[in-house]
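Every number in this text was worked out from the coordinates using simple rules, so none of it is lab data. All values derive from a computational prediction rather than experimental measurement. Glycine also receives a Cβ, built like all others from the backbone with ideal geometry; neighbour counts cover every protein chain displayed.
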Amino acid sequence: MGFQQKRYNLIVAACKCNDALGIGINGTIPWRLRTDMKFFSGQTSTTTKENRKNAVIMGRKTWLSIPKKFRPLPNRVNVVLSKTLSKCPEGVDHLCDSLDNAMTVLSEGPIEDAIDAVWIIGGSAAYKEAMKSSLCHKIYLTRIHSSFDCDTFIPEIDLSRFQLVSDPSVNGERQKENDIEFTFEIYQNINH
């Protein structure tokens, strides 16, 4: 009998940039918002089941963009996607060559029972692949209402597949920090 693959959520901060969503420049995030970092940490760390951890899946460049003192992301199972790395970087729990392989690893055997939620946290290739998959349950978007120069992008959210939803635990009001206005938006797969 086959196993049931876990669904996952995607979490990203982005600004409108041309006809896409800009998420970074030169391997960094072009804005610094403590509120957004706290939101990211809370969402990706908080579990609904005792004695479980969430998994965070990221590409190699995203892993390397995290300041060394913050790697691995604490209290989470860190999974890195890479087609070029041959051995697991220090602090990484699992190295996988594709998102499909990562989801298989997290959906089988003893690790399956140790994982609560799975989060895709970057970069653009992982986001693009995840947004197309039927396993993508929700997209948590911090929409930045300012323009920034970006060289890394993701496509706009496909509103024929995802609908904007509210969550009483998430402040959906427009907020402001460092003269930057932003909104936490949650989009749910209409087939889930």
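Tabulated results
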quantity: Centroid-to-centroid separation of region 52-94 and region 147-178 [C-alpha atoms, Å]; calculated: 24
quantity: All aspartates and glutamates inside 13 Å of LYS69 as judged from Cα atoms, apart from same-chain residues fewer than 8 positions distant; calculated: GLU90
quantity: Approximate spin-label separation ARG52-GLU90, in nm, with each point projected 7 Å along Cα-to-Cβ; calculated: 3.2
quantity: Projected label distance in nm at ARG34 and GLU177, using a 7 Å step from Cα toward the beta-carbon; calculated: 0.8
quantity: Charge tally in the Cβ shell below 14 Å around ALA130, where Lys, Arg are +1 and Asp, Glu are -1, ALA130 excluded; calculated: +3
quantity: Net +/- balance of residues flanking ALA55 in space, Cβ distance below 11 Å, scoring K and R +1, D and E -1; calculated: +1
quantity: Of PRO89, PRO168, PRO155, the one that fluctuates the most in a GNM where the chain has Cα springs shorter than 10 Å; calculated: PRO168
quantity: Burial order of peptide ranges 114-120, 55-61, 68-74 (average beta-carbon count within 10 Å, highest first); calculated: 55-61, 114-120, 68-74
quantity: In region 91-192, the GluC sites (Glu not before Pro) that fall in loop regions by DSSP, at most 14 other Cβ within 10 Å; calculated: GLU108, GLU156, GLU173
quantity: Amide N of region 68-95 lying under 12 Å from the label point, which is placed 7 angstrom from the Cα of SER45 along Cα→Cβ; calculated: 73-76
quantity: Contact order relative to length of the chain, as percent, for alpha carbon pairs under 8 angstrom and 6 or more apart; calculated: 32
quantity: Listed residue pairs exceeding 19 Å between alpha carbons, taken from LYS16/LYS176; LYS38/LYS87; LYS53/LYS83; LYS38/LYS176; calculated: LYS38/LYS87; LYS53/LYS83
quantity: With 10 Å bins from 0: P(r) over the chain, alpha-carbon pairs, percent; calculated: 9, 37, 39, 14, 1, 0
quantity: Qualifying lysines (Cα of each under 20 Å from Cα of LYS49; at least 8 residues distant if same chain); calculated: LYS6, LYS138
